[in-house]
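Working notes for the structure below.
Readers should treat all values here as calculations from the given coordinates under stated rules, not as data from a laboratory. Just so we're clear, the structure is a prediction, and the values are computed from it rather than from any experiment. Glycine gets a Cβ as well: all are built from the backbone with ideal geometry, and neighbour counts include every protein chain shown.
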Amino acid sequence: MKERVYPAATVISLVPFAIDETKPGMTPSKFYIDPAPVDSFSCLLVTKCQHGVYLDEYRPVLIVPTSPDEVAEAICFDYKKGQLELTLGVAEPGLFWVPGDYAKKEKHDELKALFATEFREAHKLQMEWFKSLVAKADDAWGKFHQRAMIAHITKIAASRLKLNREWLLEAEVQAAQSECPVCFEKVHPKAIICRGCQNILNPAEYAKHQFAKAAQPVKV
């Protein structure tokens, strides 16, 4: 029996930072998913894809269609395999795919109802992954006591687990943090740009800095 190929697939991310996967040789070759907001998710719709197959030096490259479900599965698997403290099926990023087009917001309620089990499992696995990241950071902090050694994703993991750690920001700064209105991550009270999603938090200060001026056209 021939395996079913879906005309579209939706990748669902509970991951609180951007996912940017590149698949060389495929069209399209780049797949980007926004950071998932707190207690919510982000989606990526995968439809028609194709890749080239080299035959020999005398014939042109053969263009072969790639099914959306294959691409969606590759996006999820390849991203997970590149992460620290990964144990597939035990502790991993909350990233999975489902057949069909559910990327638009008006379909999200239907998506959550149809795949409630998948959402719960992805959330559970991600919480375990966050715990593994924090445990690794605790061990590194105990040995070296250097904040520079703590990865940004680990700090986000601690935030999502609602944990306080000495290797996070100083207590007074941490207490003064606010939330980014776009990705809802904690930000420094003097932050101009959100480190998580690059949202401009203070447009007036942003305009004063050289990196903002450099982007403006030169007047003749």
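Please go through region 71-116 and write out the trypsin sites (Lys or Arg not before Pro) that DSSP classes as loop and that have at most 14 other C-beta atoms within 10 Å.
Numbers: sites: LYS80, LYS81, LYS104, LYS105, LYS107, LYS112; in loops: LYS104.
Of the trypsin sites (Lys or Arg not before Pro), the ones in loops of region 71-116 whose Cβ has at most 14 other Cβ atoms within 10 Å are LYS104.
Could you size up the charge dipole of region 9-127 around its Cα centre, putting +1 on the beta carbon of Lys and Arg and -1 on that of Asp and Glu, and report it in debye to the nearest 20?
So the magnitude is around 120 debye.
Can you tell me the 0 to 90 degree angle between the C-alpha axis of helix 68-81 and the longest principal axis of the chain, rounded to 10?
40
Of all the stretches in the chain, which is the longest one without any exposed loop site, taking GluC sites (Glu not before Pro) in a DSSP loop (any state but H, G, I, E, B) with at most 12 other Cβ atoms within 10 Å?
That would be 58-165.
Can you tell me what percent of all Cα-Cα pairs in region 9-127 are more than 24 Å apart?
That tail contains 30 percent of the Cα-Cα pairs.
Can you put ARG165, ARG120, ARG147 in order, fewest other beta carbons within 10 Å first?
ARG120, ARG147, ARG165
Using only Cα atoms, tell me the angle between helix 116-144 and the longest principal axis of the chain; keep it within 0 to 90° and round to the nearest 10.
The two axes meet at around 50 degrees.
When the chain is fully extended, how far beyond the present Cα-Cα distance does GLU73 get from GLN146, taking 0.36 nm per residue of separation? Spell out each step's value before the answer.
Values: separation 73, 0.36 × 73 = 26.28 nm, distance 3.73 nm.
Gain on extension, GLU73 to GLN146, equals 22.5 nm.
State the extension gain, in nm to one decimal, for the chain segment bounded by VAL38 and LYS107, taking 0.36 nm per residue of separation less the distance between their alpha-carbons.
Residue separation times 0.36 nm, minus the Cα-Cα distance, leaves 22.9 nm.
Reachable aspartates and glutamates from LYS48, Cα under 19 Å, same-chain residues fewer than 8 places away excluded?
Candidates past the 8-residue exclusion: GLU3, ASP20, GLU21, ASP69, GLU70, GLU73, ASP101.
Between exposed chymotrypsin sites (Phe, Trp or Tyr not before Pro) in the chain, where DSSP calls loop and at most 12 other Cβ atoms lie within 10 Å, what's the longest gap?
Between the exposed loop sites, the longest stretch runs 59-220.
Given R₀ = 25 Å, what would the calculated FRET efficiency be for ASN164 paired with GLU128, taking r from the Cβ atoms and rounding to 0.05? Provide the component values of the computation, followed by the final result.
On the way: r = 20 Å, r/R0 = 0.79.
That pair, ASN164 with GLU128, gives E of 0.80.
Could you grab the relative contact order for the chain? Cα pairs under 8 Å, six or more apart, rounded to a whole percent.
Rounded, it is 17 percent for the chain.
Note the full-extension length gain between ALA8 and VAL182 as 0.36 nm times their separation in residues minus their Cα-Cα distance, in nm to one decimal.
59.9 nm
Determine the alpha carbon to alpha carbon distance for each of LYS104/LYS208; LYS105/LYS131; LYS124/LYS155; LYS136/LYS186; LYS30/LYS190 and list only those over 28 Å.
Correct reply: LYS104/LYS208; LYS105/LYS131; LYS30/LYS190.
Return the label of the correct value of volume of the Cα convex hull per residue in Å³, as calculated from the structure shown, out of [x] 223; [y] 105; [z] 131.
[x]
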